[in-house]
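Everything below concerns the one structure shown next.
Coordinate-derived values only; no laboratory data. Note that the structure is predicted; figures quoted are calculated from it, not measured. FYI the Cβ positions are ideal-geometry reconstructions off the backbone, even for glycines, and counts take in every protein chain you see.
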Amino acid sequence: MTDTQFVFRFRDLVATTIEEHEKIIKKDGTVWWGWWKRPSEDARADVWDQLSKAAQAAPIKVILFDSGSGKTYEAVVVEVIAPVGDAEETVTVPEGQTELVPRYYRESPFSRAWMKLTKITPLNNFWGNYSFSEIKRLPGYNKAILDRFKNKKIKNAHELRGMDTTIWAVRPSMVGDHDEEILLSVNAVAEAVSQQTVRCDGDAILHITDMHFAIGKPRDQHVWRLESEDGSKHSMVEAITSAIKAAKDIKIGLVIASGDFTYIGSEAEYNEAGAAMVRLLGNLDLSPDHLVIIPGNHDIQWGTDEEYKHDAPVDEAPAKARKNYEAFYRTIMRHEPNRHLAMGRRFVLPSGIVVETCALNSSSLATGKNFLAGMGRIDEGSFAEVSGELGWRENEPSMAFRLLVIHHHLAITENIEDPNAFATGYGIAVDAVRVQRMAAKRNVQLAIHGHKHRAFIWRSTVYELPEHAQPSHRSGELSIVGGGSAGSKETEAGKNYFNVFQFSASGLNLEIFKAEKQGMFEKMQQFHASFSTHSTGGLALGDWGAVVKK
């Protein structure tokens, strides 16, 4: 098979991969290694055909690349089970050999091929000593750019992480191989809902909500200095980025803003919001591809007053009410908004974790003329359309982390609600329970929102309605995290908030930051939830536990 070797990508998600496989080799002499392909990847039939033929003649060596740590290993392969057809079907190991598969993915539905290994050893001289022999065509990348990798030395782990594939053909480097560093970046995403993979440089997500940029009569609704104003007072963006930089251990790869950019949805307010968002992305060294936004109830111009009234009936036609938000979206995102004002994205973090976001407009105007401005409703067609475009199917497991973003609540956030607020639904989307059920069926692990300016953490066990009960009436677990307002004056005791979600192979950290009376943001509370796999396959997020400050 000449000097070509194949590099296989993996990541530690719910277990220490190398350690678990080595335990079985030590006990039984061999272990099965499963191949989990990327969503955009085909069966790689050429690779498996070469491996199968070579392994039948004699043991062969492959290289294993840990995309999280950047470490490489050499493994000896003695047997291969190739994918079936287009690799959409799960492939199992021979009967009686399941004990040779590590327990943590023994029943997984994701393995599309297998290699039987007899030895795994660290490969400490990989970087700079191996070169690409050829590059598989990858979605979203120009062929001319990919051709530049042929006969090029592999400089570092970033070069491999930048490609949406799990298998590379490599060989030992030779004199004459070029050695410049080439880091791929994904082209700008040109639509609101897309399966195109967006790569992130950080494992943390910044979640902000309810900024309420305001000018004119309601100017005092926004507590920070506006970007257009002079003065020594912090702007909201300055306060947030200062806190993130001070934390030192946070590298933001993605920003999610869950609505209420403005107070009355005016064009002038959107100009302020736009200036702030552009500066925030610049401060964090991010592009619009790394931003997810949805409107809140304040972002739709329900009426023409200079005041916002949560109990006011809608008196504007939907097209006119949405106009200013749509213009804001075009300016920031550089493409046309979705007809539902929704977004769908697939992000890949440096740790290798895939985050799929379904961001929905919960300020729907489709409920009739008596619909009140402060009430929320998610168009069910919007959820079906966006989740379907992302490839989410009911009761179909996935190893991606699935995130639902809305503005209104899916659960009550107060211990005791004001009885006078009953008519507006206490801030809950009127279809909140329906949405929880739809999310749980599609393996959504986490929903985040804003609206009530209340930092909030919750977890629901979701069941099917009795008359709709299937063989398993339990749909799953859904965590819900609300963001406190980042910029409004209408908060408890003059406090403002933002959230940071930090991903790692072991799980998810939630860090809540708080500022009082326009002072500096500081960490208020930290929680952790572990990753595991469902018994039927798929990534699961465990219960939240408080992280005690040391």
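Annotations
- Magnitude of the charge dipole for the range 121-246, about its Cα centre and with charges confined to Cβ atoms of Lys, Arg (+1) and Asp, Glu (-1), is about 380 debye.
- Per residue of the chain, the DSSP helices (runs of n ≥ 4 H) give a summed -39500 (n - 2.57) that works out to -5500 deg cm²/dmol at 222 nm.
- The modelled label-to-label distance between Thr331 and Thr92, using points 7 Å beyond Cα along the C-beta direction, is 5.9 nm.
- Between Leu465 and Lys150, the modelled labels are 5.9 nm apart [label points 7 Å from Cα along Cα→Cβ].
- Whole-Hz ³J(HN,Hα) from phi, Karplus 6.51 cos²θ - 1.76 cosθ + 1.60, for the range 130-135, glycine and proline x: 10, 10, 6, 8, 6, 10
- Taking trypsin sites (Lys or Arg not before Pro) across the range 228-269, the ones in a DSSP loop with at most 13 further Cβ atoms lying within 10 angstrom of their Cβ are Lys233, Lys248.
- Assigned charges on the beta-carbon of Lys, Arg, Asp, Glu; the range 1-101 dipole about Cα centre (debye): 300
- Dipole axis of the range 5-172 (+1 Lys, Arg; -1 Asp, Glu on Cβ), positive-most option in Val14, Asn156, Gln97: Asn156
- Phi angles of the range 146-154 translate, via the Karplus equation with coefficients 6.51, -1.76, 1.60 and θ = phi - 60°, into HN-Hα couplings of 5, 5, 5, 7, 5, 6, 10, 5, 8 Hz per residue; Gly and Pro are given as x.
- Selection from Ile135, Ala411, Leu478, by position along the positive dipole direction of the chain (Cβ): Ile135
- Ordering Trp224, Gly542, Ile240 by the projection of their Cα atoms onto the charge dipole of the range 193-545, which places +1 on the Cβ of Lys and Arg and -1 on the Cβ of Asp and Glu, puts Gly542 at the extreme positive end.
- Sorted on the mean count of surrounding Cβ atoms within 10 Å across their residues, most packed first, peptides 353-364, 13-24 read 353-364, 13-24.
- Put a dot 7 Å past the Cα of Met520, heading toward its Cβ, do the same for Lys136, and the two dots end up 4.8 nm apart.
- Long-range HN-HN contacts of Tyr130 with modeled amide H, under 5 Å: Ile154, Ser173
- Relative contact order of the chain, taken over Cα pairs closer than 8 Å and 6 or more residues apart, is 13 percent.
- Per-residue Karplus couplings for the range 215-223, computed as 6.51 cos²θ - 1.76 cosθ + 1.60 with θ equal to phi - 60°, are listed in order as 9, x, 4, x, 3, 6, 5, 9, 7 Hz, Gly and Pro entered as x.
- Rounded if a/c under 1.5, otherwise prolate or oblate - the range 1-101, Cα gyration tensor axes: rounded
- The GluC sites (Glu not before Pro) found in the range 505-541 include none that occupy coil by DSSP while having at most 14 further C-beta atoms within 10 Å.
- In terms of the mean number of neighbouring beta-carbon atoms within 10 Å, the peptides 147-158, 322-333 order highest first as 322-333, 147-158.
- Labels on offer are (1) 25.1, 75; (2) 22.2, 68; (3) 25.2, 81, and the one holding Rg and Dmax of the Cα atoms in Å computed from this structure is (3).
- Computed E for His534/Ala58 - FRET, C-beta separation, R0 35 angstrom, nearest 0.05: 0.35
- Here the chain is treated with +1 on each Lys and Arg Cβ and -1 on each Asp and Glu Cβ, and its dipole about the Cα centre works out to around 1200 debye.
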